[in-house]
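Since the structure comes first, as structure tokens, the remarks are kept for the end.
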Amino acid sequence: MLYEGIIRLVRENSEHIAGYTIVKKELTDLNGYLEVLHPDEITYLNALKFNRRKSSYLLGRISAKSALGKIIPTNTVMSSFKVGFGVFQFPVIEQLSCSGFQVSITHCDAIGISIAYPEAHPIGVDIEKINPEKVDSMMNMFTQQEITLANSYLNDKASAYTLLWTVKESLSKILKTGMMIDFNYLELDSLDYKNGLYSASFKNFRQYKSFSIVLDSYIVSITCPKRTDIDLTNFAKHLTHLNLQS
């Protein structure tokens, strides 16, 4: 399964377009997309020893290039550029003939999600599996206020803590720090639910907001600038389709 589309990012004095792709495929099917990879990406893939790592890498690169294809010039050859790594492992677009684009990548199990965006308007995305066995370890990553907030909306602790985790992780991707930042510094100070979306704001990063979609087994969160009007209708619909076909 592969779903793709665009997300309109409306500001008071400007409008931007982001592209997204949601992929759910096993490694055998992902191997059918190798033609979009840059030679350096092929070399990196072939050096990976384990199928799980190969699958994660392909989910990320295939979804990233598909998402970028929604916003870069249509005549761009996907194998002509690569999605490399920054010093903290965040994705970096290299050798693309047109500049000014970046991408946020996340993957879990056989699912890969990427959102490509203009550098002028950052976005971060994260997906995590709801796993009751991780409740105790995740609990230590949150403040008591965050735990109270999440439990007030989600009765299941695994879902509540996974939501908190994905929200923070999606913000860390905008900051390009990943897990190298103290998660308490990414503390949430509000949480709400409306029209199928959980929305959150941050204590120390008030210029950003986050939206989360809770599926049967996964939670997906997107963080973007606070004053952006973002329409996630189609993105959420595609995630729901993915959920129904799981």
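Among the residues that make up the stretch 222-243, is at least one of them of a type outside the set (A, V, I, L, M) and under 20 Å from THR143 (Cβ atoms)? There is at least one residue in the stretch 222-243 that is of a type outside the set (A, V, I, L, M) and under 20 Å from THR143 (Cβ atoms). Residues that are under 17 Å from the mean Cα position of the chain (by Cα) and closer than 12 Å to LYS168 by Cβ were ranked within the stretch 180-218; the one that is surrounded by the most Cβ atoms within 10 Å (Cβ to Cβ) is SER210.
Among the listed residues GLU41, GLU35, which satisfies the condition of being crowded, with 19+ Cβ neighbours inside 10 Å, outside the structural domain of TYR218 (by TED's automatic domain parsing) and farther than 27 Å from THR228 by Cβ? Sole residue among the options that is crowded, with 19+ Cβ neighbours inside 10 Å, outside the structural domain of TYR218 (by TED's automatic domain parsing) and farther than 27 Å from THR228 by Cβ: GLU41. Taken over the stretch 102-139, the criterion of being touching a Phe, Trp or Tyr at 6+ places or on another chain (Cβ under 9 Å), at pLDDT 95 or above and farther than 26 Å from LEU242 by Cα is satisfied by PRO118 alone.
Can you tell me which residue in the stretch 87-105 is surrounded by the fewest Cβ atoms within 10 Å (Cβ to Cβ), limited to those that are in contact (Cβ under 8 Å) with a residue 40 or more places away in the chain and closer than 26 Å to THR162 by Cβ?
Filtering the stretch 87-105 for residues that are in contact (Cβ under 8 Å) with a residue 40 or more places away in the chain and closer than 26 Å to THR162 by Cβ, the one surrounded by the fewest Cβ atoms within 10 Å (Cβ to Cβ) comes out as GLN89.
Within the stretch 111-140, the residues that satisfy the criterion of being crowded, with 17+ Cβ neighbours inside 10 Å and either more than 18 Å from the chain's Cα centre (by Cα) or among the polar types (S, T, N, Q) (or both) are SER114, MET138.
Looking at the stretch 159-178, is at least one residue exposed (fewer than 15 other Cβ atoms within 10 Å of the Cβ) and more than 27 Å from ASP231 (Cβ to Cβ)? Walk me through it before giving the result.
Start the filter on the stretch 159-178 by keeping residues that are exposed (fewer than 15 other Cβ atoms within 10 Å of the Cβ), which leaves 178.
So of that shortlist, the ones also more than 27 Å from ASP231 (Cβ to Cβ) come out as 178.
Yes, the conditions are met somewhere in the stretch 159-178.
Screening CYS108 on (1) more than 14 Å from TYR20 (Cβ to Cβ); (2) surrounded by 16 or more Cβ atoms within 10 Å (Cβ to Cβ); (3) more than 13 Å from the chain's Cα centre (by Cα) shows it passes everything except condition (3). Within the stretch 14-25, residues that are in contact (Cβ under 8 Å) with a residue 24 or more places away in the chain reach partners that are part of a loop (DSSP other than H, G, I, E, B) and of a type in the set (Ser, Thr, Tyr) with beta carbons closer than 9 Å, at six or more positions or on different chains, in the pairs HIS16/THR228; LYS24/SER246.
The values are calculated or read from the model by the stated rules, or taken from the named source; none is laboratory data. Being a predicted model, the structure only gives us computed values, none of them experimental. With ideal geometry, Cβ positions are generated from the backbone for all residues, glycine too; neighbour counts draw on all protein chains shown.
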